[in-house]
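Accompanying notes for the structure given below.
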Amino acid sequence: MRMKIGFLGLGTMGEPIANNLRKAGHDLTVWNRTAAKADHIVSKGGKLARTAREAATGRDLVFTCLSDEKALEAVLEGADGALAGLAKGNLLVDLSTAGTRSARSIATRCADRAVDFLSAPILGSKSAAEQAQIVLLAGGPGAARERARPALHAVSSRIIELEDAGQAALMKLCVNAVGGAMIAGFGEAIALGASGGIPIWKVIEVIQASPFHSPLFLVKGELIERTDWAPRFAIALAEKDQRLAQEAAADQGAKVPINEAVRRLLSEAVESGRGDKDVAALADLFLEWAKRK
Ligand code: NA7
């Protein structure tokens with residue numbers, strides 16, 4: 001079924017996802033703070049709205065895919081914000097990783113307007129988004145999940161459904177807490193080996209031959225060997241995810257000491273000027289420390 005879709009946020013993940021909605025034949029209107037990022041989609045027949053409100057008005061379904069909870073507020077609120085364009089019976093789906101507080105607060109504001117809301121954070125990389133192979137965690141009321149399903153299927157290989165928007169947001173933080181601990185441990189181990197004279201490639205090869213091998217280490221290990229820090233998943237976004245996990249833990253009374261250590265490390269990486277580099281560059285920070293000894 002062809003739907004009228006508004007899409008707000010054409011960053012690394014948003015642009016290919018919106019493009020897949022266009023390719024699936026939906027009537028697509030996009031908006032991005034930096035309008036030039038809409039050029040490709042517009043050249044292929046998508047429409048460009050002047051404001052977030054305009055992009056959200058009169059659509060069956062509106063997606064947001066923004067950096068964090070502050071970006072989300074900037075796009076949702078205000079006279080030109082998306083919420084002002086949403087009306088009773090519309091559906092808002094947020095793909096951002098913006099935390100549990102944000103998901104619950106948006107759910108409440110949408111309910112006040114009789115607008116349905118799903119929090120649907122993304123699992124997967126830019127290339128997975130391009131190939132419609134991302135996994136989506138869709139949280140919210142069953143009827144809203146049902147309505148969103150055809151559009152979500154067009155951009156993903158799997159949809160994992162949860163009853164509540166806050167739980168979908170929380171689940172994403174759990175996943176990225178594991179990923180953060182893995183990549184931090186990997187970088188630390190590489191520098192530990194290198195500081196004792198073992199070549200980086202050898203440390204990576206042996207870890208991959210062990211029971212602890214991982215597809216993450218395969219991908220990031222190649223980047224570390226090539227010292228290729230172009231962002232597939234930027235350190236600043238990873239730091240944000242650990243911060244959001246700590247907020248959720250504080251609200252829920254959970255203890256997250258590993259997450260706290262990983263966040264401190266990511267913060268130091270940001271302070272060292274690596275915020276826009278790939279998380280693989282954590283290894284570079286450990287190697288720098290090892291050289292200083
Ligand atoms: P990117 O590539 O950093 O894109 C972020 C998007 O958010 C991009 O469209 C930005 O617009 C937009 N943005 C950021 N701040 C603002 C403000 N203040 N106002 C309006 N728009 C804003 O992130 P990804 O696509 O990799 O990730 C998106 C989410 O998925 C994120 O939560 C990840 O953790 C997971 P811009 O183009 O800079 O004008």
>> What are the ³J(HN,Hα) couplings of the range 137-152, residue after residue, when phi is run through the Karplus curve with 6.51, -1.76, 1.60 and θ = phi - 60°? Round to Hz, x for glycine and proline.
In response: 9, 9, x, x, x, x, 5, 5, 5, 4, 5, 7, 3, x, 5, 5
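Give the value in nm², to one decimal: projected area of the alpha carbon convex hull of the chain, averaged over all directions. Mind showing how you got there, number by number?
Working: hull surface 63.4 nm².
Approximately 15.9 nm², given one-decimal rounding.
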> In nanometres, what is the gap between the two model label sites at E205 and A114, each 7 Å from Cα along Cα-to-Cβ?
Replying inline: 6.7
> When every alpha-carbon pair in the range 74-157 is counted, what percent end up more than 17 Å apart?
Replying inline: 49
> Taking a label point 7 Å from the Cα of D276 along the Cα→Cβ vector, which residues of the range 25-40 have an amide N closer than 17 Å to it?
Replying inline: 33-37
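What share of the DSSP beta bridges in the chain is antiparallel, in percent to the nearest 5? Before the final figure, lay out each step's value.
Values: 4 of 29 bridges.
Of the beta bridges lying entirely in the chain, close to 15 percent run antiparallel.
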>> From the helices alone, meaning DSSP H stretches of at least four residues, give me the mean residue ellipticity at 222 nm for the chain, per-run term -39500 (n - 2.57), in deg cm²/dmol to the nearest 500.
In response: -16500 deg cm²/dmol
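Can you tell me what percent of all Cα-Cα pairs in the range 180-244 are more than 16 Å apart? Could you put the intermediate results ahead of the total?
Values: 991 of 2080 pairs.
In whole percent, the share of Cα-Cα pairs in the range 180-244 beyond 16 Å is 48.
What is the calculated FRET efficiency for E268 to S157, with r their C-beta to C-beta distance and R₀ = 45 Å, to the nearest 0.05? Working shown, then result.
On the way: r = 35 Å, r/R0 = 0.79.
Approximately 0.80, to the nearest 0.05.
Would you mind getting me the FRET efficiency between V178 and T227? Use the beta-carbon distance for r and R0 = 30 Å, nearest 0.05. Intermediate values should be presented prior to the final figure.
Numbers: r = 25 Å, r/R0 = 0.85.
Step by step, r from the Cβ atoms, then E = 0.75.
Please state the equivalent ellipsoid semi-axes for the range 150-293: what are the square roots of 5 times the Cα gyration tensor eigenvalues, largest first, in whole Å?
Values: eigenvalues 166, 69, 41 Å².
With the √(5λ) rule applied to the range 150-293, the semi-axes are 29, 19, 14 Å.
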> When the Cα atoms of the range 214-282 are enclosed in a convex hull and the volume is divided per residue, what value in Å³ results?
Replying inline: 87
> Using Cα atoms only, what is the angle between the long axis of helix 200-209 and the major principal axis of the chain, expressed in degrees (0 to 90) to the nearest 10?
Replying inline: 70
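Values quoted throughout were computed directly from the atomic coordinates according to the rules given, and no laboratory measurement underlies them. The shown structure was predicted, so the numbers you read here are calculated from the model rather than taken from an experiment. We place every Cβ from the backbone using ideal geometry, glycine too, and count neighbours over all the protein chains shown.
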